[in-house]
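Bear in mind these aren't lab numbers, they're just calculated from the coordinates by the rules spelled out. Keep in mind it's a predicted model, so treat the numbers as computed, not measured. Ideal geometry is used to build each Cβ from the backbone, glycine not excepted, and the neighbour counts take in all protein chains shown.
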């Protein structure tokens with residue numbers, strides 16, 4: 001796990017500036033660093049040594065000096081690929097997966113991407129052809145930011161490296177979408193100039209030529225008619241194989257552990273490889289906001305050691321600016337904060353952790369995936385009847401039970417479902433934003449996806465929306481950034497292409513069944529996971545911001561809104577009214593307010609240039625204008 005900066009075509013950029021850009025991502029790789037500077041290409045690298053600890057220095061050149069690679073991630077099947085390449089006549093001088101990846105590219109170019117089993121973003125420079133090639137993994141586990149001007153192409157593992165040499169400019173439309181989704185949907189970012197290379201894509205650029213981006217892989221479902229027992233057994237063994245291969249490491253591997261089935265399954269299977277695996281958990285000292293007691297039971301049943309701790313409101317606020325700096329882009333998911341703290345705890349003992357991200361998207365685990373069945377009675381109504389009923393429901397008070405049910409039942413899925421977090425309505429965004437564009441709806445993001453999946457059932461459609469938006473825009477962003485903040489590598493065995501090859505075929509009636517979600521996954525793991533965790537409802541990482549914004553964090557939130565230099569973006573009077581209404585208990589605005597507060601902190605750091613205290617007695621001003 002590492003970080004890199006790569007610049008193509010910039011003649012005036014000094015080595016000193018390149019080093020400054022690279023130092024901003026020191027947390028991604030404190031073990032080693034390296035630089036290459038030659039005609040048309042400069043790159044810097046920060047390494048966290050996991051595989052081939054003694055021999056994996058980067059940037060890495062091919063033996064003949066033609067190719068140079070910087071690579072962030074892990075190729076789990078590198079030993080198998082290495083054996084294939086040796087049979088073809090290639091030889092190797094290191095034990096690292098980086099050399100295998102570079103050699104595979106030399107042999108097959110972009111066709112080799114489909115052979116990779118892992119998480120990755122990388123850049124390869126071909127000196128002979130004067131061509132740059134970059135690629136990102138299938139699901140978007142590893143980030144890759146880029147920006148381009150008339151002369152140069154800049155790529156980096158984190159946007160802050162790019163912002164060091166350019167003036168940040170907030171994209172008004174991206175901010176509008178952020179207040180809907182709680183993140184900026186890819187490939188856009190909050191900055192007008194910076195983009196993300198989409199998952200499953202690669203880019204190419206020759207000196208003096210245009211930038212081209214191509215898709216090499218994308219998720220899709222193709223339901224099969226194989227039996228339930230076939231998928232049950234195949235799923236268990238494929239997941240066991242995935243966990244086994246994700247355990248490949250030359251340094252200790254631990255695991256996060258929550259009260260639900262996903263992380264419990266990972267730990268249970270990882271224990272088969274390493275019975276002494278260490279696990280890590282955090283919670284809050286408020287009823288309903290901690291799984292620590294449940295985790296203790298699970299850890300005891302599995303026979304593994306669990307390290308657990310609790311987060312206070314004071315700790316929460318004291319680390320928040322640092323967390324937003326590490327997040328690199330505004331992501332308003334409060335679950336990022338406990339993830340930051342549990343990663344901090346784990347990093348004291350291990351360099352690698354396993355986690356359960358991706359299971360919900362692959363196996364229909366979110367409770368909202370049960371909605372199509374609960375809304376089935378509305379299918380008996382005509383479109384005209386639904387329109388009349390929906391119009392009448394608007395006059396019902398928000399407190400009336402069933403109002404939301406009626407409205408959701410009368411609105412087509414493609415108009416109401418945008419993923420697991422829908423924050424502000426169009427009316428609410430118009431009230432708080434000074435540059436609201438009524439012609440830009442969230443359906444501009446989700447509509448093209450829905451248009452490609454008309455033949456799916458509604459649950460599969462929801463899963464696809466989440467795979468293309470929520471997973472890559474929220475789940476994997478915070479997973480990468482909050483662990484790398486502590487130089488900790490996170491691995492996600494559910495997001496393995498072999499596991500997905502099984503998940504994509506499983507019929508919906510095998511996943512949503514017997515009043516629960518992920519039914520076949522739970523059934524497949526019955527002999528592996530402790531009984532008490534098997535059917536436990538999903539809790540996730542709940543954070544008590546609803547309560548804190550009424551009490552412990554109220555004055556902080558008020559001060560943040562007032563002092564933020566974002567008057568050109570927000571109607572602050574409206575935001576303060578929302579905060580007061582929330583404090584008085586009139587309506588829960590906590591998630592909407594949290595999105596604004598996170599953006600304002602991000603703005604103060606990356607646009608206003610306010611320093612962040614990253615280490616004791618050490619502040620950094622991060623942006624050069």
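Ranked highest first by average number of other Cβ atoms within 10 Å, how do 600-611, 32-43 line up? If you can, show how the numbers build up before the last one.
Details: 600-611: 19.3, 32-43: 17.6.
Ranked by mean Cβ neighbours within 10 Å, highest first: 600-611, 32-43.
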Separation of the residue 87 and residue 214 label points, Cα + 7 Å toward Cβ, nm: 2.6
Förster-model FRET efficiency, 30 Å R0, residue 241 and residue 532, C-beta, rounded to 0.05: 0.70
Fewest-first ranking of 94, 189, using other Cβ atoms within 10 Å as the exposure measure: 94, 189
Whole-Å distance, taken between Cα centres, linking segment 424-451 and segment 173-224: 19
Centroid-to-centroid separation of segment 91-150 and segment 3-49 [C-alpha atoms, Å]: 17
Centre separation in Å (Cα based) which lies between segment 546-568 and segment 345-410: 29
Residues listed by number, segment 572-612, amide nitrogen under 14 Å from residue 317 label point at 7 Å toward C-beta: none
Label-point separation, residue 380 to residue 457 (7 Å along Cα→Cβ), nm: 2.0
Gain in span if fully extended, residue 416 to residue 272, counting 0.36 nm per residue against the direct Cα distance: 47.5 nm
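Once you have the Cα-Cα distance between residue 224 and residue 151, take 0.36 nm times their residue separation minus that, and quote the gain in nm to one decimal.
On the way: separation 73, 0.36 × 73 = 26.28 nm, distance 4.96 nm.
That works out to 21.3 nm of additional length.
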Contact order relative to length of the chain, as percent, for alpha carbon pairs under 8 angstrom and 6 or more apart: 17
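Could you work out the relative contact order of segment 545-618? I mean the mean sequence separation of Cα pairs under 8 Å and 6+ apart, divided by the number of residues, in percent. The partial results should precede the final answer.
On the way: 49 pairs, mean separation 26.3, N = 74.
That works out to 35 percent.
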Packing rank of 204-214, 173-183, where each peptide gets the mean count of other beta carbons within 10 Å, highest leading: 173-183, 204-214
Percent RCO, i.e. relative contact order, over segment 80-162, from Cα pairs under 8 Å lying at least 6 residues apart: 15
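Order of 84-93, 65-74 by packing, highest average Cβ count within 10 Å first? All intermediate terms of the calculation are to be shown ahead of the outcome.
Values: 84-93: 11.7, 65-74: 22.6.
My ranking of the peptides, most packed first, is 65-74, 84-93.
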Descending Cα extents along the principal axes, segment 2-215, whole Å: 54, 37, 35
Contour minus Cα-Cα distance for residue 403 and residue 426 (0.36 nm per residue): 6.4 nm
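I'm a student and want to see the number: the projected area of the Cα convex hull of the chain, averaged over all directions, in nm². Walk me through the numbers on the way to the answer.
Working: hull surface 112.1 nm².
Value for the chain: 28.0 nm².
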Pairwise label distance in nanometres, residue 574 with residue 367, each label 7 Å out on the Cα-Cβ vector: 3.0
